[in-house]
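The structure's right below; bear with me while I get my questions together.
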Amino acid sequence: MSGSDESILWEVRTFVYRWLAETTRPPTVDRVAAEFRLSAREAAAIFDELNRRHAFFLEPGTLTIRIANPFSAVRTAFRVHANGRAYFANCAWDALGIPAALHADAVIEAACAESGEPLPLAVAGGDVVAPAAAVAHFLVPFRRWYDDFVYT
């Protein structure tokens with residue numbers, strides 16, 4: 001890609017994250033095309049390239065953003081309340097990543113994977129507030145996360 005092509009990729013990525021932070025939902029290809037005065041085809045190519053580079057993840061076979069880490073576009077077991085909005089995170093790690101990305105305090109709705117009991121979590125002043133016995137366990141090693149990112 002040329003330098004200007006690279007530039008638009010990262011401008012679109014920044015726009016996607018800003019849109020997500022402000023609305024809790026990712027923008028569509030058409031919204032991005034309108035924002036950047038691109039054709040739908042050009043915007044689709046940018047989405048495909050950003051997906052290929054793992055800058056965000058599309059629903060398979062579509063141009064719909066499913067994951068823009070740490071944000072999830074689908075309902076998950078990790079709901080994060082921050083800045084007066086409710087976001088979904090992909091996992092426990094991303095539930096902590098949302099307040100970090102937003103530079104905000106947050107209350108996180110999560111549950112113990114083993115017992116199903118609610119697990120109260122929060123981020124206040126940049127610190128994680130959790131029960132002393134809380135442990136996050138990652139079943140898949142990081143080096144394998146991209147093998148099946150939705151499962152991970």
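Quick note: the coordinates plus some simple rules give every number you see, no bench work behind them. Keep in mind that this is a model prediction, so the values were computed, not measured. Quick reminder, even Gly has a Cβ in these numbers, built from the backbone with ideal geometry, and neighbours come from all protein chains shown.
Can you give me the angle between helix 40-52 and the longest principal axis of the chain, using Cα atoms only, in degrees from 0 to 90, rounded to the nearest 10?
Value to nearest ten degrees: 40.
Report the local net charge at Arg53: Lys and Arg +1, Asp and Glu -1, summed over other residues whose C-beta lies under 14 Å from its C-beta.
Charge balance in the 14 Å sphere: -2.
Within the set of other residues whose C-beta is less than 14 Å from the C-beta of Ala77, count the net charge using Lys and Arg as +1 and Asp and Glu as -1.
The answer is -2.
What trypsin sites (Lys or Arg not before Pro) in the range 1-109 are in a loop by DSSP, with at most 10 other Cβ atoms within 10 Å of the Cβ?
Here the trypsin sites (Lys or Arg not before Pro) that fit, given the DSSP loop and packing criteria, are Arg37, Arg53, Arg75.
Indicate the gyration tensor shape class of the range 72-138 (rounded, prolate or oblate), computed on the Cα atoms with a ≥ b ≥ c the square roots of the eigenvalues: a/c under 1.5 is rounded; otherwise a/b larger than b/c is prolate and the rest oblate.
It is oblate, given that a/c is not under 1.5 and a/b is not larger than b/c.
Pairwise over distinct Cα atoms, reciprocal of the mean inverse distance: report the Kirkwood radius of the range 1-138 in Å, one decimal place. Working shown, then result.
Values: mean 1/r = 0.0624 Å⁻¹.
The Cα-based Kirkwood calculation yields 16.0 Å.
Under the 0.36 nm per residue contour assumption, what length would be gained going from the current alpha-carbon distance of Arg143 and Ala124 to full extension?
Roughly 3.8 nm would be gained on extension.
Pick out, from Val140, Ala77, Phe47, the residue whose Cα sits farthest towards the positive end of the charge dipole of the chain, with +1 on the Cβ of Lys and Arg and -1 on the Cβ of Asp and Glu.
Phe47
With only Lys, Arg, Asp and Glu charged, each at its Cβ (+1 for the first two, -1 for the last two), find how big the charge dipole of the chain is about the Cα centre; round to the nearest 20 debye.
Working: 14 positive and 18 negative charges, 34 e Å.
Dipole of the chain, to the nearest 20 debye: 160 debye.
So, R0 is 22 Å and r is the distance between the beta-carbons of Arg25 and Glu114; what FRET efficiency does that work out to, to 0.05? Numbers along the way, then the final one.
Details: r = 31 Å, r/R0 = 1.42.
It comes out at approximately 0.10.
Using the alpha-carbon atoms, what tilt in degrees (0 to 90, nearest 10) does helix 3-23 show relative to the longest principal axis of the chain?
The angle comes out near 40 degrees.
On to the next question. Could you state the angle between the C-alpha long axis of helix 92-102 and the longest principal axis of the C-alpha atoms of the chain, as a value from 0 to 90 degrees rounded to the nearest 10?
With both axes taken from Cα atoms, the answer is about 60 degrees.
By its C-alpha gyration tensor, with a ≥ b ≥ c as the square roots of the eigenvalues, how is the range 3-61 shaped: rounded for a/c under 1.5, else prolate for a/b larger than b/c, else oblate?
rounded
Quick one: net charge around Arg18, please, counting Lys, Arg +1 and Asp, Glu -1 for every other residue with C-beta under 13 Å from its C-beta. Could you put the intermediate results ahead of the total?
On the way: positive: Arg13, Arg25, Arg31; negative: Glu11, Glu22, Glu35.
So the environment of Arg18 carries a net charge of 0.
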